[in-house]
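J.: Could you have a look at this structure, given as structure tokens, before my questions?
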Amino acid sequence: MSTAIEAHDLTKRYGRTVAVDALSFRVDAGRVTGFVGPNGAGKSTTMRLILGLDAPDRGHVRIGGCRYRDLRAPLCEVGALLDAGATHPGRRARSHLLWLARSNRLSSRRVDEVLELVGMADAARRRTGGFSLGMAQRLGIAAAMLGDPPILLFDEPINGLDPDGIRWIRVLLRELAAEGRAVLVSSHLMGELEGIADELVVIGRGRLIAQTGVSELLSSRADGRVHVRTPQVTEVMAALAGAGATVTSTSSDELVVSGLEPERIAALVSEHGLRLDELYRERASLEDAFIDLTRDAVEYVAERPGRQG
Amino acid sequence: MSTATLGGVVARAGAPQALRSEWVKFRTVRSTVWSLLLLAGVSILFTSVLTGGSSTEGGSPGNRGDNDIILDSLAGIWFGQIAAAVLAVLAITSEYSTRMIRTTFAATPRRRTVLATKAVVVTSIVLTVGLATSAACFQIGQWLLREGGFNYEGGYPAVTLADGDALRAVVLSGVYLGLLALFSLGVGAIVRHTAAAITIVLATVLAPVIAMGFLPENLAEPLEKFSLMGAGLSMQQTFDRPDNIPLEPAQGLAVVASYGVVTLLVALWVIGRRDA
């Protein structure tokens, strides 16, 4: 697994505000890396620093070991969707992609290919000012894919999409990673990244809170609790406690068991001739894991509500 | 990193690519065509109105009148120039207002290359259309002036583009428009805001002309010589008149070129130094 993007000690101030603060992380090829944090945490600033649009006050970013501005054909190394609305409203979709293609000596055939790829071939001649957010997002993704780059950055790509669009983009992101590309996707909602992200970079107040694999995060948090539903709560409780489990009753017909695997619980219950209506292992949701992870940052959310950016 | 090849051609983001890219940008927005049509249309319209409305009498073949009929026929340029300025400002500020500039700079990290190639595209197109416009103004203006009595019998020998002074005035009027576009693009790149940039450009062009009317002569003269329009007017002068701008055409050209070149150099300097 090779490192596609490496950020080291990135720091960026705007006036007195520290937008990004000593941030270090990496993005690997073949994985979807979720870039998560509340609004105003510094995600978009970090994306601009990666693309060399803003200059860091300290630290650096390397794209496959190079500085961004030294890339010979940036569109063929990094594709980015920063802001889907950032097109000239009077320019046709195809013309927008064409000027971008020309800037890196890419062919007009490639323009038609990416329009096809995002399902926008029919809208190629339309002016972008009339596009819905979903269409603008697709055009932005087409632009990011122009140079067939091994690294892709998407800033809040799911924001504002309809359910069809959300499903489309989730599948696309997984496919891009499966093709071996490094995909960095930012979101202020951890739930959006559930089932997409392999890796998480969590930031708050411009600082790194954690970089962790999603599976490691979930397994470290799930402590093996099993839920049992039965009409014979007292009897089952006694049987399982007798086998060394810690059992708590959560309602008149439900128990939460830790210390025993589901298979063992089922066997014990039937050995005692008791009835079992439902048995399932508790699964940690990414959202819950995120809340645990960012407990320290909750203070920040409460302190400065509704801050945008 | 691997060298990317798509369709057999090695991709790269250098100056030739930026030039082609800027040309696609320029020709694929409607405002370009509209502005260029306005530049030509308004110039020809005002030349027609001004020359069609003037007449002379009392002159004779042996008694040359003192009107500068070449300069008069090119007067429409001073009205059409606003379209050239707005076009050039929008070529850069529309990228900032739509935030498309970030896509541009991500695709071509060499920002000075972007601005320089944009300047080449905008200036050369405005220059080309400007030359055609000033030639058209000249032809139409001369015809209307002849009709109004500015002819051989009235003391005005016919002038054509084969005449050295006429050709120089027509060419320099087109060059003026190209340099004005360069200046406007530079202002747009420095302030990055459409309304602010247009205001600054129009104020630079028009304010000295307005002020000249109110100032005593000792203050008005430097204003005439070192203002964009005053220097521009001197490039069209072909006849010695007391109200002429006291500049040779070459000196006027130097002043106008300085506005364009200095502003662009400042823009090139700042564009690489700040966040996009």
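J.: Just checking, how many residues over the stretch B:114-126 are surrounded by 21 or more Cβ atoms within 10 Å (Cβ to Cβ) and more than 10 Å from chain A (Cβ to nearest Cβ)?
T.: 8
J.: Specify the residue that is nearest to B:VAL29 (Cα to Cα); the eligible residues are those in the stretch B:99-108 that are crowded, with 20+ Cβ neighbours inside 10 Å and at the interface with chain A (Cβ under 7 Å from one of its Cβ atoms).
T.: Applying the filter and picking the extreme gives B:MET100.
J.: So, one more: Restricting the stretch A:127-155 to residues that are within 20 Å of the chain's Cα centre (by Cα) and without any contact (Cβ under 8 Å) to a residue 40 or more places away in the chain, which is farthest from the other protein chains (Cβ to nearest Cβ)?
T.: Here the answer is A:GLY134.
J.: Given the conditions (1) over 23 Å from the mean Cα position of the chain (by Cα); (2) more than 7 Å from every other protein chain (Cβ to nearest Cβ); (3) surrounded by fewer than 23 Cβ atoms within 10 Å (Cβ to Cβ), report the number of the one that A:HIS60 does not fulfil.
T.: With (1) over 23 Å from the mean Cα position of the chain (by Cα); (2) more than 7 Å from every other protein chain (Cβ to nearest Cβ); (3) surrounded by fewer than 23 Cβ atoms within 10 Å (Cβ to Cβ) applied to A:HIS60, the lone miss is (1).
J.: I'm trying to understand the selection: among the residues of the stretch B:1-15, which are modelled with pLDDT of 95 or more and either closer than 22 Å to A:THR87 by Cα or at the interface with chain A (Cβ under 8 Å from one of its Cβ atoms) (or both)?
T.: Listed by number, the list is empty, since nothing qualifies.
J.: Also, I was wondering about something else. B:ARG99 passes all but one of (1) touching a helix residue (DSSP H, G or I) at 6+ places or on another chain (Cβ under 8 Å); (2) closer than 25 Å to A:LEU153 by Cβ; which number fails?
T.: (1)
J.: Could you tell me whether any residue of the stretch B:193-207 is in a helix (DSSP H, G or I), in contact with a helix residue (DSSP H, G or I) (Cβ under 7 Å, 6 or more places away or on another chain), under 30 Å from B:TYR156 (Cα atoms) and of a type outside the set (Gly, Ala, Ser)?
T.: No, there is no match, as no residue in the stretch B:193-207 is in a helix (DSSP H, G or I), in contact with a helix residue (DSSP H, G or I) (Cβ under 7 Å, 6 or more places away or on another chain), under 30 Å from B:TYR156 (Cα atoms) and of a type outside the set (Gly, Ala, Ser).
J.: Related question: Listed residues A:LEU161, A:LEU173, A:LEU193; which is surrounded by 15 or more Cβ atoms within 10 Å (Cβ to Cβ) and closer than 15 Å to A:LYS43 by Cβ?
T.: Matching residue, one of A:LEU161, A:LEU173, A:LEU193: A:LEU193.
J.: So is B:PRO222 part of a loop (DSSP other than H, G, I, E, B) and over 17 Å from the mean Cα position of the chain (by Cα) or not?
T.: Taking the combined requirement at face value, the residue does not satisfy it.
J.: From the list A:GLY52, A:GLY85, A:GLY90, exactly one residue is touching a Pro at 6+ places or on another chain (Cβ under 6 Å), within 12 Å of chain B (Cβ to nearest Cβ) and in a loop (DSSP other than H, G, I, E, B). Which is it?
T.: A:GLY52
Rundown of residues vs (1) surrounded by fewer than 18 Cβ atoms within 10 Å (Cβ to Cβ); (2) closer than 30 Å to A:GLY40 by Cβ; (3) not aliphatic (A, V, I, L, M), yes/no style:
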site: A:VAL185; (1), (2), (3): no, yes, no
site: A:ARG229; (1), (2), (3): yes, no, yes
site: A:VAL236; (1), (2), (3): no, no, no
site: A:ALA245; (1), (2), (3): no, no, no
site: A:THR250; (1), (2), (3): yes, no, yes
site: A:ARG264; (1), (2), (3): yes, no, yes
site: A:GLU271; (1), (2), (3): yes, no, yes
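J.: Can you tell me which residue in the stretch A:67-82 is surrounded by the fewest Cβ atoms within 10 Å (Cβ to Cβ), limited to those that are of a type in the set (D, E, K, R) and facing another protein chain (nearest Cβ under 7 Å)?
T.: Filtering the stretch A:67-82 for residues that are of a type in the set (D, E, K, R) and facing another protein chain (nearest Cβ under 7 Å), the one surrounded by the fewest Cβ atoms within 10 Å (Cβ to Cβ) comes out as A:ARG69.
J.: Out of B:ARG64, B:ARG112, I need the residue that is basic (Lys, Arg) and within 30 Å of A:ALA84 (Cβ to Cβ). Which one?
T.: Residue meeting the stated conditions: B:ARG112.
J.: Out of curiosity, is A:GLU199 under 17 Å from A:ASP288 (Cα atoms) and either assigned by TED's automatic domain parsing to the domain that holds A:ASP21 or without any contact (Cβ under 8 Å) to a residue 12 or more places away in the chain (or both)?
T.: yes
J.: OK, next. List the number of the failed condition for A:ILE209; all other conditions in (1) surrounded by 17 or more Cβ atoms within 10 Å (Cβ to Cβ); (2) touching a residue at least 24 places away in the same chain (Cβ under 8 Å); (3) in a helix (DSSP H, G or I); (4) not acidic (Asp, Glu) hold.
T.: It is condition (3) that A:ILE209 fails.
J.: Related question: Just checking, which of A:GLY195, A:GLY147, A:GLY180 is among the small types (Gly, Ala, Ser), at pLDDT 95 or above, in contact with a Lys or Arg (Cβ under 9 Å, 6 or more places away or on another chain) and not in a helix (DSSP H, G or I)?
T.: A:GLY147
J.: Just give me the residues in the stretch B:72-119 being more than 22 Å from A:ARG91 (Cα to Cα) and among the β-branched types (Val, Ile, Thr), in sequence order.
T.: Hits for the stretch B:72-119 are B:ILE77, B:ILE82, B:THR113.
J.: Give the stretch A:93-144 a look and list any residue that's assigned to a helix (DSSP H, G or I), among the polar types (S, T, N, Q) and buried (at least 21 other Cβ atoms within 10 Å of the Cβ), or say none.
T.: Those that are assigned to a helix (DSSP H, G or I), among the polar types (S, T, N, Q) and buried (at least 21 other Cβ atoms within 10 Å of the Cβ): A:SER95, A:SER103, A:THR128, A:GLN137.
J.: Within the stretch B:86-98, identify whether any single residue is surrounded by fewer than 19 Cβ atoms within 10 Å (Cβ to Cβ) and part of a loop (DSSP other than H, G, I, E, B), and answer yes or no.
T.: Scanning the stretch B:86-98 turns up no residue that is surrounded by fewer than 19 Cβ atoms within 10 Å (Cβ to Cβ) and part of a loop (DSSP other than H, G, I, E, B).
J.: I'm told B:ARG241 meets every condition in (1) surrounded by fewer than 16 Cβ atoms within 10 Å (Cβ to Cβ); (2) free of Cβ contacts under 8 Å to residues at least 24 places away in the same chain; (3) outside any helix (DSSP H, G or I) except one. Can you identify the failing condition by its number?
T.: The one condition B:ARG241 does not meet is (2).
J.: Let me ask something additional. Please go through the stretch A:227-254 and pick out each residue that is in a helix (DSSP H, G or I) and either out of contact with any Leu (no Cβ under 7 Å at 6 or more places or on another chain) or not small (Gly, Ala, Ser) (or both).
T.: A:VAL233, A:THR234, A:GLU235, A:VAL236, A:MET237, A:ALA238, A:LEU240, A:ALA241, A:GLY242
J.: Given the residues B:SER124, B:SER134, which is the only one that is assigned to a helix (DSSP H, G or I) and farther than 18 Å from B:THR28 by Cβ?
T.: B:SER134
J.: Tell me which residues, restricted to the stretch B:31-55, are at pLDDT 95 or above and within 12 Å of another protein chain (Cβ to nearest Cβ).
T.: B:THR32, B:VAL33, B:TRP34
J.: Separate question: With the condition kept exactly as written, say whether any residue in the stretch A:254-275 is at pLDDT 90 or above, touching an Asp or Glu at 6+ places or on another chain (Cβ under 6 Å) and aliphatic (A, V, I, L, M).
T.: Looking through the stretch A:254-275, at least one residue is at pLDDT 90 or above, touching an Asp or Glu at 6+ places or on another chain (Cβ under 6 Å) and aliphatic (A, V, I, L, M).
J.: Tell me which residues, restricted to the stretch A:114-143, are closer than 13 Å to A:ARG92 by Cα and of a type in the set (Asp, Glu).
T.: A:ASP122
J.: Only residues in the stretch A:235-256 that are in the same structural domain as A:GLY273 (by TED's automatic domain parsing) count as the first member; pair them with residues that are of a type in the set (Asp, Glu) and at pLDDT 90 or above, Cβ under 9 angstrom, at least 6 apart or cross-chain, and list the lot.
T.: From residues that are in the same structural domain as A:GLY273 (by TED's automatic domain parsing), the pairs are A:ALA239/A:GLU271; A:ASP253/A:ASP277; A:GLU254/A:GLU278.
J.: Taking the stretch B:136-159 only, how many residues are surrounded by 18 or more Cβ atoms within 10 Å (Cβ to Cβ) and either of a type in the set (A, V, I, L, M) or in contact with a Pro (Cβ under 7 Å, 6 or more places away or on another chain) (or both)?
T.: 5
The values are calculated or read from the model by the stated rules, or taken from the named source; none is laboratory data. Bear in mind that the values here come from a model prediction, so they are computed numbers and not experimental data. A quick note on method: Cβ atoms are made from the backbone with ideal geometry, for glycine too, and the neighbour counts reach across all protein chains shown.
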